[in-house]
Amino acid sequence: MYEACFNNKFTNALVFYIFLLLLLLVSPFLFFWELIHTVRSCFRCSENMSGKVVLITGASSGLGELMAYEYAKRGAYLAIIAIKEPESRLEQVADRARELGSPDVLYMFADVSKVDECRMFVDNTIKHFGHLDHLVCNAGIGPIYSIRHEVTKFVPVMDINFWGSVYPTHFAIPHLMKTKGKIIVNASSAGVLHPPKGGFYNASKAALISFYESLRFEVSPTITITILTLGFIQTNLITAEYSTKGFGVRLRKDVKDVLPTMGAEPCTKAIVDGVCKGATSITEPRFMKALFLIKFLFPQLHSFYFNVGVPSKNRRLKRDE
Ligand SMILES: NC(=O)c1ccc[n+]([C@@H]2O[C@H](COP(=O)([O-])OP(=O)(O)OC[C@H]3O[C@@H](n4cnc5c(N)ncnc54)[C@H](OP(=O)(O)O)[C@@H]3O)[C@@H](O)[C@H]2O)c1
């Protein structure tokens, strides 16, 4: 049967086009399903975060910092993590979170790419607060890859972006099982759309999406997993200055001067609102979802855009390598 149907070029292609046709036929229903889902989510009860414990990695700047403030405004206890650097702002973030309403903030310096340090900060959080309700795996780096670079320089991208989320998740799961908690993982739209020059960044984010989609089957419904697939958000990560600090292609201009970007505050508010309402995936800005659909339904159009549209802009972004 398999031989007859799928080892034959004609029947193999036919099955694909029949599925495509079926998809087109059911698409009006899918449209209304999505609409109903969106309207229902607006009226869904929000989790009361007062007295709950939230652990956030990469909280010294950008999205992690602002998510800490959003949770603080909702009265949550916080454990916040960043890698120790002489100029780290983690202590100031902790002070600001207390001012905004968090009853207690524990801040710890750790490198998420090191398994023992991840075990340490999860254990310390439990020792200090007694339980854990939300784990936000946010720490990440975003160097831009070019084939002209030494390939081994990019090993930390996978270590920080992928393993740096998986390690804390592994140690937190037994505690989150007890509280019926949540895991929030900051992947990226780059993990779905694979933009040029993303290279290892795209791969690390695609690996995160794949890992957590699979983990969902093992831990739900006790633990809810929310996967974030964000577009360009105005943080240090997309500035020219950031690109000169690490490795990879250096940017001549901030991405926000060249491409549409979203403010970090509305983005983190939408994330924490969505998480508290039990969303299992969050895409901001919302229009990115249309690009995911285009990528899936019309892969040729997606390639055309990146082949024709982006390289010329990319050349303008690039200063040197
Ligand atoms: N901005 C965007 O457009 C965008 C879009 C999609 C997804 N994201 C994702 O959002 C997350 C946060 O990025 P951001 O835009 O807020 O950038 P950011 O301001 O540079 O924040 C990155 C955070 O990660 C921390 N970090 C980096 N390496 C670490 C390590 N080894 N161990 C522990 N902490 C580490 C940094 O701490 P230090 O300050 O101590 O180095 C910082 O707090 C990342 O995972 C990124 O991929 C961002």
Give me the Kirkwood hydrodynamic radius of the chain, using the inverse of the mean 1/r over all pairs of distinct Cα atoms, in Å to one decimal.
21.1
Going through the cross-link list Lys52/Lys114; Lys114/Lys153; Lys84/Lys180; Lys52/Lys153, which pairs have a Cα-Cα distance over 29 Å in this structure?
Lys84/Lys180; Lys52/Lys153
Summing Lys, Arg as +1 and Asp, Glu as -1, what charge do residues with Cβ under 15 Å from the Cβ of Leu228 carry, Leu228 excluded?
+3
If you take the charge dipole of region 50-317 about its Cα centre, with +1 on Lys and Arg Cβ and -1 on Asp and Glu Cβ, which of Ile223, Met158, Thr57 is farthest toward its positive end?
Met158
So if I take the centroid of the Cα atoms in region 273-290 and the same for region 35-108, what is the distance between those two points in Å?
17
Going through the cross-link list Lys73/Lys289; Lys9/Lys197; Lys197/Lys245; Lys205/Lys289, which pairs have a Cα-Cα distance over 27 Å in this structure?
Lys73/Lys289; Lys9/Lys197
Fully extended, how many nm does the chain gain between Asp116 and His170 (0.36 nm per residue separation, minus their Cα-Cα distance)?
18.3 nm
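Each reported figure results from applying straightforward, stated rules to the coordinates on display, with no laboratory input. Please read these numbers as outputs of a predicted model, since none were measured by experiment. Virtual Cβ from ideal backbone geometry, glycine too; neighbours counted across all protein chains shown.
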